[in-house]
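Scroll down for the structure; my scribbles are underneath it.
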Amino acid sequence: MKITSAEFLISNTDISKCPEPKFPEYAFIGRSNVGKSSLINMVCERNKLAKTSGTPGKTQLINHFLINKEIYFVDLPGYGFAKSSKQNRNIWSKFTHNFLKTRENLLCTFVLLDSRLPPQKVDLEFMEWLGKNRIPFVMIFTKIDKLSSSILNKNITSYKKEMLKIWEALPQVILSSATTKHGKDEFWNLIEQTNASF
Ligand code: GTP
Ligand code: MG
């Protein structure tokens with residue numbers, strides 16, 4: 001897909017103040033620092049659309065972006081941020097869970113997973129929650145430029161194995177790198193196919 005425009009719309013913690021649900025919407029979620037904001041920038045061919053940071057916990061609100069005047073992307077705060085207080089984590093989980101369950105135009109949620117790590121409990125539990133709530137999702141492995149293809153394959157295989165203990169079938173998997181732009185075409189193909197159902 002050709003990106004003709006990508007603009008930041010609004011940040012908030014109040015679902016009722018999110019943009020009118022008139023376009024297909026996609027949410028980006030995953031642990032702090034996994035690369036959500038970087039992935040949004042990479043696929044949108046913009047360096048500073050979503051704010052990125054080496055310090056986990058940068059994105060703290062529901063951030064809406066409008067792409068090509070016809071698609072919403074939502075950058076959500078990272079979960080599993082050890083430094084944030086328990087109270088903050090509860091607030092996070094309440095509003096993001098609520099958002100994911102009630103947002104009527106949300107077509108797919110991208111669950112970002114760090115390709116360097118073995119399967120993480122917090123991610124597996126989160127995906128299980130999505131499944132129980134019938135929220136469609138795709139797994140996107142990030143930062144694949146940081147490891148060799150043999151270790152990458154090993155990590156992905158062990159992730160799939162772990163998922164198959166809970167799931168009958170696996171969701172779609174995309175491998176990505178914000179550095180090399182790997183995964184960009186596959187990502188947009190998926191969006192184009194999914195948009196057709198809106
Ligand atoms: P929070 O908003 O804090 O939850 O983080 P986030 O998930 O939005 O992560 P962010 O995009 O800010 O990236 C975190 C760090 O990882 C930054 O230093 C990025 O430059 C780096 N990073 C993200 N994606 C990649 C990637 O594909 N490859 C490499 N090498 N670094 C990446
Ligand atoms: Mg972020």
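The values are calculated or read from the model by the stated rules, or taken from the named source; none is laboratory data. Worth saying up front: this structure is predicted, and the values here are computed from it rather than measured. For neighbour counting, all protein chains shown are included, and Cβ atoms are generated from backbone atoms with ideal geometry for every residue, glycine included. Protein only, heavy atoms only, side chains kept; ligands, DNA and RNA dropped before computing areas. Shrake-Rupley method; radii C 1.70, N 1.55, O 1.52, S 1.80 Å.
Odds and ends about this structure:
- Residue that is most open to solvent (accessible area, probe 1.4 Å) [pool: residues in the stretch 128-146 that are free of Cβ contacts under 8 Å to residues at least 60 places away in the same chain and near ligand 1 (Cβ under 10 Å from one of its atoms)]: Lys146
- Selection of the stretch 157-183 for residues being assigned to a helix (DSSP H, G or I), closer than 21 Å to Pro136 by Cβ and open to solvent by 40 Å² or more (accessible area, probe 1.4 Å) yields Lys160, Glu162.
- Selection status of Ser150, more than 16 Å from ligand 2 (Cβ to nearest atom) and on the phi < 0 side of the Ramachandran plot: yes
- Meets criteria (touching a Lys or Arg at 6+ places or on another chain (Cβ under 9 Å), within 16 Å of ligand 1 (Cβ to nearest atom), among the aromatic types (Phe, Trp, Tyr) and at pLDDT below 95) for Phe28: no
- Within the stretch 20-75, tally of residues that are assigned to a strand (DSSP E or B) and either within 15 Å of Ser5 (Cβ to Cβ) or of a type outside the set (Lys, Arg) (or both): 17
- The residues of the stretch 127-146 that are farther than 17 Å from Glu168 by Cα and in a helix (DSSP H, G or I), listed by number, are Ile144, Asp145, Lys146.
- Of all residues in the stretch 38-51, those being open to solvent by less than 70 Å² (accessible area, probe 1.4 Å), out of contact with any Leu (no Cβ under 8 Å at 6 or more places or on another chain) and closer than 24 Å to Ile91 by Cβ number 1.
- Within the stretch 5-15, the only residue that satisfies the criterion of being of a type in the set (Ser, Thr, Tyr) and either at pLDDT below 90 or near ligand 1 (Cβ under 8 Å from one of its atoms) (or both) is Thr13.
- Exactly one residue out of Cys44, Cys18 is within 15 Å of ligand 2 (Cβ to nearest atom), farther than 22 Å from Lys121 by Cα, in contact with a Phe, Trp or Tyr (Cβ under 9 Å, 6 or more places away or on another chain) and at pLDDT 90 or above, and it is Cys44.
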